[in-house]
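Step one of this worksheet: look at the structure below.
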Amino acid sequence: IIIDARTTEEFAEGHIADAILIPEYEIVARAEKELPDKDALILVYCRSGRRSKIASEELVKLGYTNVKEFGGIIDWPYETVK
């Protein structure tokens, strides 16, 4: 599962294929409904890494066990989709 922790506008400009948009400021409210498997591998990114770090920490606090924060899309060397 890939989580994009940016805003709707940023997501629309380009995101990693199959990423799920859950802005960092909505992660606590939406995680348990949208991410029911707390043991699934969850990869989290944002633009530069600040918001993905916050979102990842919140997921861990909620009991998610396999969360990997991998920084910002500005460092993503592969294609993105719109």
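The values are calculated or read from the model by the stated rules, or taken from the named source; none is laboratory data. Not measured: the values here are computed from a predicted model. Ideal geometry is used to build each Cβ from the backbone, glycine not excepted, and the neighbour counts take in all protein chains shown. What goes into the accessible areas is simple: the full protein's heavy atoms, side chains included, and nothing from ligands, DNA or RNA. Shrake-Rupley method; radii C 1.70, N 1.55, O 1.52, S 1.80 Å.
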Worksheet item: In the chain, what percentage of the DSSP-assigned beta bridges are antiparallel, given to the nearest 5?
Response: 10 percent
Worksheet, complete the sentence: Expected max-MSF residue from GLU26, GLU58, GLU69 in the GNM of the chain (alpha carbon, under 10 Å) is GLU26
Fill in: Most mobile listed residue (LYS33, LYS68, LYS53) in the chain, GNM with C-alpha springs under 10 Å
LYS33
Discussion item. At 1.4 Å probe size, with the rest of the protein present, what percent of the exposed accessible area of the chain is carbon and sulfur atoms?
Written reply: 53 percent
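So for PHE70, PHE11, what's the accessible-area order with a 1.4 Å probe, most first? Mind dumping the intermediate values first?
Details: PHE70 75, PHE11 40 Å².
My answer, sorted largest first, is PHE70, PHE11.
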Worksheet item: Which aspartates and glutamates have a Cα lying under 16 Å from the Cα of LYS53, excluding residues fewer than 8 positions away in the same chain?
Response: ASP4, GLU24, GLU26, GLU69, ASP75
Worksheet item: Relative to the present Cα-Cα distance, how much length would full extension add between LYS61 and LYS33 at 0.36 nm per residue of separation?
Response: 8.5 nm
Item to complete: Specify which labelled value, from (1) -0.64; (2) -0.74; (3) -0.92, agrees with log10 I(q)/I(0) by the Debye sum over Cα atoms at q = 0.18 Å⁻¹ derived from the coordinates of the model shown.
Response: (1)
Worksheet item: About its Cα centre, how strong a charge dipole does the chain have in debye, to the nearest 20, once Lys and Arg get +1 and Asp and Glu get -1 at the Cβ?
Response: 180 debye
Worksheet item: Protein chains only, probe 1.4 Å: how do GLU9, GLU34 rank by accessible area, largest first?
Response: GLU9, GLU34
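Based on alpha-carbon atoms only, what is the radius of gyration of region 3-47 relative to the globular estimate 2.2 N^0.38 Å? Walk me through the intermediate numbers first.
Details: Rg = 10.4 Å, N = 45, 2.2 N^0.38 = 9.3 Å.
With N residues counted in region 3-47, Rg over 2.2 N^0.38 Å equals 1.11.
Arrange the residues ASP4, ASP37 by how much accessible surface each exposes, largest first, with a 1.4 angstrom probe.
These residues rank, largest area first, as ASP37, ASP4.
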Practice prompt. With a 1.4 Å probe and every protein chain left in place, tell me how much accessible area LYS61 has, in Å² to the nearest 10.
Written response: 150 Å²
Worksheet item: Roughly how much of ARG47 is accessible, in Å² to the nearest 10, using a 1.4 Å probe?
Response: 110 Å²
Practice prompt. Calculate how steeply helix 50-61 sits against the longest principal axis of the alpha-carbon atoms of the chain, using the helix alpha-carbon long axis, and give the answer as 0 to 90 degrees to the nearest 10.
Written response: 20 degrees
Worksheet entry | Heavy-atom accessible area per residue - the chain, 1.4 Å, Å² | 59 Å²
